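*Asks:* Have a look at the structure that comes next, please.
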Amino acid sequence: MSGWRGSLLGVLFVASMSSILVYAFLGYPELGFVRPLGEFYLFNTYNFENQDWWSASPNAVTGLLWDYRGYDTLYETMVFYVGIVAVAMFFEGHAKLTKTGGMTVIVRATARMVFVFILTSAFAITIFSIKTPGGGFQGGSIMAIAYIAIIVALSKGFLPEMNIDLEKAHIAKIIGLALIAGLTIVPVVYSLASGSVAYALQNQPKAWAPFGYPTYLGLTSLSGGLIIPIQLGEMVHVGMGFTIMFLLLTMKERED
Amino acid sequence: MMIATAGQLPYILVAIMASICIYAALFKSNLFKKMLAIFLLTDAVNLLFIIQGYRLGNSIPPIIPPGMDPSDFASIAVDPLAHYFVVTAVVIGLAEVATLTALIIYTYKHYGTIETKKIKELRG
Amino acid sequence: MNLFYLVLIPLLSIPIIYFTGARLNGKVGYAAAIAPLAGAAQTALLYPSLLAGEKVVSEIGWINYLGLDINFNLSIDGISLIYALSISSVSAAVCLYSVKYMDHRISELGLEGQERMRAFSRFYAVYLVFYLGMIGAVISTNVIQFYIFYELILISTWLLIHMFGYGEKERIALVYFIWTHISGMLVLIGFVYHYMESGSISIESFQGLSVASYLLVAGFCVKMAAFGLHTWLPLAHGEAPTPISALLSPVTIGIGAYGILRMALPAVADLSIWIALWALVTIVYGGLVALTEDDMKRLLAYSSISHMGYMLLGIASITYVGSVGVVYHYLTHAFLKAVLFMTAGVLMMQLHGVRRVSMMGGLAAKTPVAAFFLASGFLGLAGFPPFSGFNSKLIILTGAFLGAGDPTYLAIVAGAAFSSILTIAYGAEAIRKSMFGPARDDLKMEKAEVTMLIPIAAMLILSLVFFFLPWLVWVPLGG
Amino acid sequence: MNPLLVQAPILAMLLTLLGSFLCVLLGMFAGRRSVELLSGVLTAATILLSSLALINVYLLDGPYVYFMGGWPPPVGIPYVIDRFSAPLSLVVSVIFFATMVYSVRYLEKDRDVKWYYSLRFLMQTGMYGLLFTGDMFHIFVMLELMGLSAILLVPFRKEVKASVEAGIKYGIYDILAITIYYLSTAMIFGMFGSMTIAEISAKLGGYVSPFSGGIFADPSALPVIVALIVWSFAIGAAIVPQHFWLPDAHSMAPSSISAILSGLLVQVNIAVLARILFDGFAAGSLPGSAVGLQLLVILGIASSVVGAAFMLVQSDIKRLIAYSTITNLGLITIGLGVGTPLGVSAAYLHIINHAFVKASLFMIAGVFIHATGSREIGALRGISKALPGTSLLYTLGTLAAIGFPPLSMFWSKLLLLLSVLSAGGVYPYLVLPMVVSIVFESIAQIRLLAIIYSGEKRAVNCRPSLPVILSIGIMISIIVVTGLMPNLLFEFGRLAAEDLLNVSGYVDLVLKSLNYTAP
């Protein structure tokens, strides 16, 4: 399909397809209002009067992510895991990282400082995600940047010095996943053990399902039940996943 | 005959963008362009979600400020559900890109090209 | 008497034969013959109650779904009895006959050692599936059951032709499969359509005229190889291993007539004169081609087409006498055509695979027994007493004359009656060419196996029995 | 209610989830035997759990809804375990177990099996999720999970050129299909303000939800949304004219994966489509969404005839079986499109029967390919004399595939014909293309069988080991047994169609079975 025929086909296809879609959209309401279900989440997400319906998270999106529609997010995380597997499956078996060394003390110290700084901000974004914008995925992306920055700035040879290699990254990633899966399964196990009603990934107790994770860490600091630990798990998973992808995609092939 | 009003124009933008992306994904012969088209289609849909969850006027993000009454908050914040869908779809989109990129790189390794017209070991 | 033994004995024999057959070498054929022999014995034992006018039924439930009440009931009435009797007796005879024949055929195929043993067990296991299909089809009480057995016939004969046939056996087997499968699908659609209209799947419920009946007629006519739908038959029956031809040609394709008699008579009544004309064309065409055919087995196959035409004529008459004639002719044709095919097989073995009639000559002196069998078979088919072919053809033609309303129809029937001469012609021609005339010196002749001749004689004797005792046929049919 | 029975399907999902990353961990430290052991144990456990769920749904408590995170719909995600989804989930478990046993020896020469088992587990999770879920957006996530793992498993032997090509082809089209589905979810969100399938049909019937209100857009857009959904699933389920990726992907994947792709993945797509159309859009009663059913019938006819016609000219055994899948999917979609209880139950039974038949055919094809070292049909000449047992199993599988009575697929094909004939209108004429496709398919299959049974005995590279034969034997015996006892099968089909077509019952089950007061 070359030349004008291709263009004509393109124009025809786009014109007909978009007019069909526009026809569908003509019946849609004008923009600018929030549908009742959205208002429901906004109203209930941190509403002390109605604790049957709350998610104990002032950030409604975070509440949706790991409470109201947590089961979606669980498998969204697994989809991301498939993405990592894709890269690992195709590009694994390459040379292992070897320490090349030879950096000056100043460079090493600066790298460590920057590294720790970025990691800290990743943790902060994850942990405070119930009150501010952020979350496990965002924190994980930033965490990966800590490693990627080191690779870009100081070459991959520096990573072993920071005790990073692929195997450890995999293990850390799996620990993160195991944390998420474990928190998902706990209510189910509780239900099996006690015979009471509890649902997978249940966060706060409800009138019809009494099981719940503690809302507060200690006395006052809000944990959102399972939200913060599960976000930490996701952060590790995502951060390590991105690091693995980046390491594998930038490595040279082994000669064999 | 219904006429689109000004408040519906973003829908039309989405419709055109989605159509172009579907066309490109189906008919472009470069694998990478196909992948980009699919990714842009995801973005068109994300846009559709966001515009449907947007609130006109003095809207605030869906994070309840300390001390605000929930019913006040519910009447001014934007739709968290639309944001939630977009956040999820973005992560999924990343996984798609990782998968397809890995496959495209391997296709290039095997065939030395990413033009679908030149890759025809299989008859389809 | 429980009819399930008719199905159960072959069903149980199949795995036994398949898994233990390799140890017994060729002798496994004798073990395999137990099932059809038992079937023949049981059908013979059913005679008293059938003669008393009873109908034997055995019932068992199977499926009940959406008003689709599928029982696994079996029943035998007059028609079924005659059919079951001819199926089981011919199958038993052919099974005994094939012990030696397959020994020879498998050697011809070049199978040695373990392969050879396995070929025997495979042949007889599939043979029993074939037998099971035929006997099951004629004692079924509902169409699902009938269709299951009908398809069993197809698949087993396909395998037999495919594995043990002659010539381009694989291609021919495929052609055979395609034709017969199309027949099966037509029949199945007819059944489904009938169920839609009447809500019943019992074979007895096929009384009224509907689209289903036409579909059934079309499907069964493919099976009967009526003119135009016959192209597969000479190929398949010519190239099948001879014992299988001896079963396929008379016994299997006649089940098409059974199907029409039971389920599609209204459509035939509607098209009576056209079907009679079709039958006449089939008779004449089959006879004429048989007259010019040189290959012994093909000649017999075309003769089968011609005789299916007679059965179609009897069906087209829509008279009671005609139907009796059809069933009678099925029985006769089964015995006599089996005699002919088996004799042809014996000759092929004796002559190292020579099948062309023109290559034979003066065999009467060398192998008088085979010559006698061949002559009696052809005479019987042509309708000479003292073979049952005389009775059956007479009854069919009587029925057809009775059913003929207008002069055109009468002319058709007269033409069919006159066409009997064709049978005599090709029979006489074949006998003249092969048995008489100058003996050919280039033909090496083996001695015939006596064990192969006994089943042929048995078939011939049965044909005699049914000539002298015609009431054995017509009393169960309600005469 | 016994909590174990209630939690069983979810536990099966979570076990496969755990398996997916524990496999990788074990693969890195303990070697492949332990990975195989873990996969075997976990897949066996899923069979147990799915049967528990099935028993619960059929004999004890009846259909029920599992509220993920304890949230009633539309706030949270409901999982509907009813008589439509529970039997299919057992089929998924059984086929995954059989292919698991099969792959232990089948993949002996491959490296990095930990990724293989891990992705298999994720695909299984995705299938459970798709079968049970009652939420449109969750379907999107699960489609991605199932689709991406399948896309990666097709080029698992990445050294093979053509398998990578098949993988990228499948990847592009499947992900495009899922993204089109994502577009339709956004449109549904705009129209209904909720993603729960049950609320869509309820709102179309005038229901106003205490959580999500009524309808926000003109329902005249409904046909467009339905058409988009049908289009996306038609790509995912390889219905003509979007079938071209299937023969490549299904023939180039390792046979254990082809068995799953061909036997389960496309059928799960169809099952989800049925759920959305019938329970979500009330396609049986609503003229606006009936367009989906008409589309299905038209596409189904094209699929069945084109697939069968292409079967006649194939020279590669796995491509032949893959085209047979397209044919049978066409028949299934015709049954669904007819939309009567008989048609839906016939389609449902055909899904189940076809799953077992097609999976076993692909598994045996894998044995043949290993034994002969070639995928060409001609290379199979004489294989029956070298591998008589396997050939016997293959014969049974083929006979079932061509609808030979009384094997299981005969019954579903019979019911499909029956349903088309009894539907009235122009539907009875559909018998003609259906019969054409059935006859074509049987000719192609019998031709293959004929080649297997002809020729001299040939030498083979290897003989199938006991686990391989055992796993195939399980499948074939299921085919034979269900064929001989169709009563049981019919009962499953009838009840599944009842649950699927009873829209108000479904809506009540999802929206009203949890006892709460709305805020």
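*Asks:* When you scan region A:172-189, how many residues do you find that are facing chain D (nearest Cβ under 7 Å) and closer than 20 Å to residue A:89 by Cα?
*Replies:* So the answer is 2.
*Asks:* Sticking with this one: Any chance you could count how many residues in region A:190-210 are closer than 30 Å to residue A:80 by Cα, out of contact with any helix residue (DSSP H, G or I) (no Cβ under 8 Å at 6 or more places or on another chain) and at the interface with chain D (Cβ under 9 Å from one of its Cβ atoms)?
*Replies:* The number of residues fulfilling the criteria is 1.
*Asks:* Among the residues of region C:227-247, count how many are assigned to a helix (DSSP H, G or I) and more than 15 Å from residue C:339 (Cβ to Cβ). If you could, list the steps in order and put the result at the bottom.
*Replies:* Our first condition is that a residue be assigned to a helix (DSSP H, G or I); within region C:227-247, this holds for C:232-239, C:242-247.
Within this subset, residues satisfying the condition of being more than 15 Å from residue C:339 (Cβ to Cβ) are C:232-239, C:244.
Within region C:227-247, residues that are assigned to a helix (DSSP H, G or I) and more than 15 Å from residue C:339 (Cβ to Cβ) number 9.
*Asks:* Check C:381, C:351 and return the single one that is touching a Ser or Thr at 6+ places or on another chain (Cβ under 8 Å) and in contact (Cβ under 8 Å) with a residue 60 or more places away in the chain.
*Replies:* On the way: C:351 fails: touching a Ser or Thr at 6+ places or on another chain (Cβ under 8 Å).
Of C:381, C:351, the one residue that is touching a Ser or Thr at 6+ places or on another chain (Cβ under 8 Å) and in contact (Cβ under 8 Å) with a residue 60 or more places away in the chain is C:381.
*Asks:* Can you spot a residue in region A:211-224 that is at pLDDT below 90, crowded, with 22+ Cβ neighbours inside 10 Å and more than 8 Å from chain D (Cβ to nearest Cβ)?
*Replies:* The first filter runs over region A:211-224 and keeps only residues at pLDDT below 90, leaving A:211-224.
Adding the requirement that they be crowded, with 22+ Cβ neighbours inside 10 Å leaves A:224.
Imposing the further condition that a residue be more than 8 Å from chain D (Cβ to nearest Cβ) reduces the set to A:224.
Yes - at least one qualifying residue is present in region A:211-224.
*Asks:* Separate question: Would you confirm, using the coordinates I've provided, whether residue D:27 is out of contact with any strand residue (DSSP E or B) (no Cβ under 9 Å at 6 or more places or on another chain), touching a residue at least 40 places away in the same chain (Cβ under 8 Å) and within 30 Å of residue A:210 (Cα to Cα)?
*Replies:* Details: out of contact with any strand residue (DSSP E or B) (no Cβ under 9 Å at 6 or more places or on another chain): yes; touching a residue at least 40 places away in the same chain (Cβ under 8 Å): yes; within 30 Å of residue A:210 (Cα to Cα): no.
Against the criterion (out of contact with any strand residue (DSSP E or B) (no Cβ under 9 Å at 6 or more places or on another chain), touching a residue at least 40 places away in the same chain (Cβ under 8 Å) and within 30 Å of residue A:210 (Cα to Cα)), residue D:27 does not qualify.
*Asks:* So, one more: Out of region D:326-351, which residues are out of contact with any His (no Cβ under 7 Å at 6 or more places or on another chain) and closer than 12 Å to residue D:270 by Cβ? Don't jump to the end; show me each part of the working.
*Replies:* Residues of region D:326-351 that are out of contact with any His (no Cβ under 7 Å at 6 or more places or on another chain), as a first pass: D:327, D:329-330, D:333-334, D:336-351.
Result: D:329, D:330, D:333, D:334, D:336, D:337, D:344, D:347, D:348, D:350, D:351.
*Asks:* While we're here: Looking at region A:148-158 only, could you name the residues that are out of contact with any Ser or Thr (no Cβ under 9 Å at 6 or more places or on another chain) and crowded, with 17+ Cβ neighbours inside 10 Å?
*Replies:* Hits for region A:148-158 are A:150, A:154.
*Asks:* Among the helices (runs of 4 or more DSSP H) lying completely within region A:1-64, list those that include at least 2 residues that are over 29 Å from the mean Cα position of the chain (by Cα).
*Replies:* Numbers: elements: A:3-26, A:36-44, A:60-63.
Of the helices (runs of 4 or more DSSP H) lying wholly inside region A:1-64, those with at least 2 residues that are over 29 Å from the mean Cα position of the chain (by Cα) span A:3-26.
*Asks:* Quick check on my filter: what residues within region C:24-43 are farther than 12 Å from residue C:76 by Cα and either free of Cβ contacts under 8 Å to residues at least 60 places away in the same chain or within 14 Å of chain D (Cβ to nearest Cβ) (or both)? Give the steps one after another, and end with the answer.
*Replies:* Here is the first cut: in region C:24-43, the residues farther than 12 Å from residue C:76 by Cα are C:24-41.
Selection gives C:34, C:37, C:38, C:40, C:41.
*Asks:* Right, something else. Please go through region D:1-10 and give me each residue that is out of contact with any Ser or Thr (no Cβ under 9 Å at 6 or more places or on another chain) and either closer than 21 Å to residue D:98 by Cβ or surrounded by 22 or more Cβ atoms within 10 Å (Cβ to Cβ) (or both), ordered by number.
*Replies:* D:10
*Asks:* State whether the residues of region C:432-452 include one that is touching a residue at least 40 places away in the same chain (Cβ under 8 Å), surrounded by fewer than 18 Cβ atoms within 10 Å (Cβ to Cβ) and aromatic (Phe, Trp, Tyr).
*Replies:* Taking every residue of region C:432-452 in turn, at least one turns out to be touching a residue at least 40 places away in the same chain (Cβ under 8 Å), surrounded by fewer than 18 Cβ atoms within 10 Å (Cβ to Cβ) and aromatic (Phe, Trp, Tyr).
*Asks:* Give the number of residues within region A:198-246 that are over 22 Å from the mean Cα position of the chain (by Cα) and of a type in the set (Val, Ile, Thr).
*Replies:* Total satisfying the criteria: 1.
*Asks:* Go through region B:99-114 residue by residue and tally those that are within 15 Å of residue D:174 (Cα to Cα) and either in a loop (DSSP other than H, G, I, E, B) or free of Cβ contacts under 8 Å to residues at least 40 places away in the same chain (or both).
*Replies:* 2
*Asks:* Moving on. Let me confirm something: among D:75, D:35, D:80, which residue is farther than 28 Å from residue A:203 by Cα and crowded, with 23+ Cβ neighbours inside 10 Å?
*Replies:* D:35
*Asks:* Which of (1) more than 10 Å from chain A (Cβ to nearest Cβ); (2) within 14 Å of the chain's Cα centre (by Cα); (3) more than 30 Å from residue D:161 (Cα to Cα) does residue B:20 not meet, given it meets every other one?
*Replies:* The one condition residue B:20 does not meet is (1).
*Asks:* Since residue D:190 meets every condition but one in (1) without any contact (Cβ under 8 Å) to a residue 60 or more places away in the chain; (2) farther than 30 Å from residue A:53 by Cβ, which condition does it not meet?
*Replies:* The failed condition is (2).
*Asks:* Here is a follow-up. Given the structure, is residue C:167 more than 10 Å from every other protein chain (Cβ to nearest Cβ) and over 18 Å from residue C:219 (Cα atoms)? I'd like the intermediate steps shown before the answer.
*Replies:* Working: more than 10 Å from every other protein chain (Cβ to nearest Cβ): yes; over 18 Å from residue C:219 (Cα atoms): yes.
Yes, satisfied.
*Asks:* Please work out if residue A:150 is of a type in the set (Val, Ile, Thr) and either within 17 Å of the chain's Cα centre (by Cα) or at pLDDT 90 or above (or both).
*Replies:* Values: of a type in the set (Val, Ile, Thr): yes; either within 17 Å of the chain's Cα centre (by Cα) or at pLDDT 90 or above (or both): no.
In short, no.
*Asks:* For region D:105-138, what are the residues that are surrounded by fewer than 24 Cβ atoms within 10 Å (Cβ to Cβ) and touching a Leu at 6+ places or on another chain (Cβ under 6 Å)?
*Replies:* D:113
*Asks:* Among what's in region D:265-295 and is in contact with a Leu (Cβ under 8 Å, 6 or more places away or on another chain) and of a type in the set (Val, Ile, Thr), pick the residue that is surrounded by the most Cβ atoms within 10 Å (Cβ to Cβ).
*Replies:* The selected residue is D:268.
*Asks:* Then there is this: I'd like the residue in region A:45-85 that is charged (D, E, K, R) and more than 7 Å from chain B (Cβ to nearest Cβ) and, out of all such residues, is surrounded by the most Cβ atoms within 10 Å (Cβ to Cβ).
*Replies:* Of all residues in region A:45-85, those charged (D, E, K, R) come to A:49, A:52, A:67, A:69, A:72, A:76.
Next, from what is left, pick out any that are more than 7 Å from chain B (Cβ to nearest Cβ): A:49, A:52, A:67.
Values: A:49: 9, A:52: 16, A:67: 29.
This residue is A:67.
*Asks:* Quick check on my filter: what residues within region C:307-322 are surrounded by fewer than 24 Cβ atoms within 10 Å (Cβ to Cβ) and either within 17 Å of the chain's Cα centre (by Cα) or of a type in the set (Phe, Trp, Tyr) (or both)?
*Replies:* Result: C:320, single match.
*Asks:* Where in region D:359-460 are there helices (runs of 4 or more DSSP H), lying wholly inside it, with at least 2 residues that are under 19 Å from residue D:256 (Cα atoms)? Even if it seems obvious, please write down each step before you answer.
*Replies:* On the way: elements: D:383-386, D:388-401, D:408-422, D:431-452.
Those helices (runs of 4 or more DSSP H) span D:388-401.
*Asks:* Related question: Residues of region B:44-75 being more than 23 Å from the chain's Cα centre (by Cα) and more than 9 Å from chain A (Cβ to nearest Cβ), which ones?
*Replies:* Within region B:44-75, B:58, B:60, B:67, B:68, B:69, B:72 meet the criteria.
*Asks:* When the residues of region C:176-195 are filtered to those that are at the interface with another protein chain (Cβ under 7 Å from one of its Cβ atoms) and of a type in the set (A, V, I, L, M), which remaining residue is surrounded by the most Cβ atoms within 10 Å (Cβ to Cβ)?
*Replies:* If we take residues in region C:176-195 being at the interface with another protein chain (Cβ under 7 Å from one of its Cβ atoms) and of a type in the set (A, V, I, L, M), then C:192 is surrounded by the most Cβ atoms within 10 Å (Cβ to Cβ).
*Asks:* Continuing with the same structure: Just give me the residues in region D:484-503 being part of a helix (DSSP H, G or I) and free of Cβ contacts under 8 Å to residues at least 60 places away in the same chain, in sequence order. Please lay out each step first, then the result.
*Replies:* Initial filter on region D:484-503 (part of a helix (DSSP H, G or I)): D:484, D:486-501, D:503.
Scanning region D:484-503 gives D:487, D:488, D:491.
*Asks:* Another question, then. Return yes or no: is residue D:260 crowded, with 24+ Cβ neighbours inside 10 Å, more than 14 Å from chain B (Cβ to nearest Cβ) and in a loop (DSSP other than H, G, I, E, B)? Even if it seems obvious, please write down each step before you answer.
*Replies:* On the way: crowded, with 24+ Cβ neighbours inside 10 Å: yes; more than 14 Å from chain B (Cβ to nearest Cβ): yes; in a loop (DSSP other than H, G, I, E, B): no.
No, not satisfied.
*Asks:* Residue C:200 is checked against (1) without any contact (Cβ under 8 Å) to a residue 12 or more places away in the chain; (2) part of a helix (DSSP H, G or I) and fails just one. What number does that condition carry?
*Replies:* All conditions are met except number (2).
The values are calculated or read from the model by the stated rules, or taken from the named source; none is laboratory data. Model, not experiment: these values are computed from the prediction. In this analysis, Cβ positions are derived from the backbone assuming ideal geometry, glycine residues included, and neighbour counts consider all displayed protein chains.
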